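To keep things clear, I will list the structure first and then write my remarks on it.
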Amino acid sequence: MHELIPFAKEMLSQKPNRKMVKLYMLGSVLAFFGVVIGLVETVCSPFTSEERLEEEEEEEKKAAPTQEQVKQKQENLILEKSKKPAVMQRSLVTRQHAS
C-alpha cells in the first residue's frame, strides 16, 4: 500500500494517455473484487465446512453397507466362482517365443 501512493503521484505527473488509465482502473477494480471475494470466503468458510461435515456424515451413514450385506455379497461371489469351470488354454501358458 505504501508503494501505491508514490506510484499514483508519478503516474499523474507524467500525464498518461486514456488507454493506460483505463487499463490501470480495470486492474484496480479486479484486484478490489478479488480482495472482497477472498474476505467473504474467509468469513463464510467456517459455516460451509460445518455443512460439508454434516453432509459427509449423512452420506457415510447411507453408503455404509451392513455386515449382513457384506456377508451376502461374499457368499454370492463364492458361489459364482465355484460354478465357473476352470478352463485353461495350455498353448498360451507354455509358449516359449513370440509369434
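The values are calculated or read from the model by the stated rules, or taken from the named source; none is laboratory data. The model shown is predicted, which means the values in this text are computed figures rather than measured ones. Because the Cβ atoms are built from the backbone with ideal geometry, glycine has one as well, and the counts that use them run over all protein chains shown. These area figures cover heavy atoms from the full protein model, side chains too; ligands, DNA and RNA do not enter into them. Shrake-Rupley method; radii C 1.70, N 1.55, O 1.52, S 1.80 Å.
Please name all residue pairs, on different chains or six or more residues apart, with Cβ atoms under 8 Å, provided the first residue is in the range 23-50 and is farther than 17 Å from A8 by Cα and assigned to a helix (DSSP H, G or I) and the second residue is of a type outside the set (D, E, K, R) and open to solvent by less than 100 Å² (accessible area, probe 1.4 Å).
Close Cβ pairs satisfying both conditions: none exist.
Scan the range 17-65 for residues that are over 18 Å from F7 (Cα atoms), of a type in the set (V, I, T) and either modelled with pLDDT of 75 or more or touching a His at 6+ places or on another chain (Cβ under 6 Å) (or both) and jot them down.
Listed by number, the residues that qualify are V35, V36, I37, V40, T42, V43.
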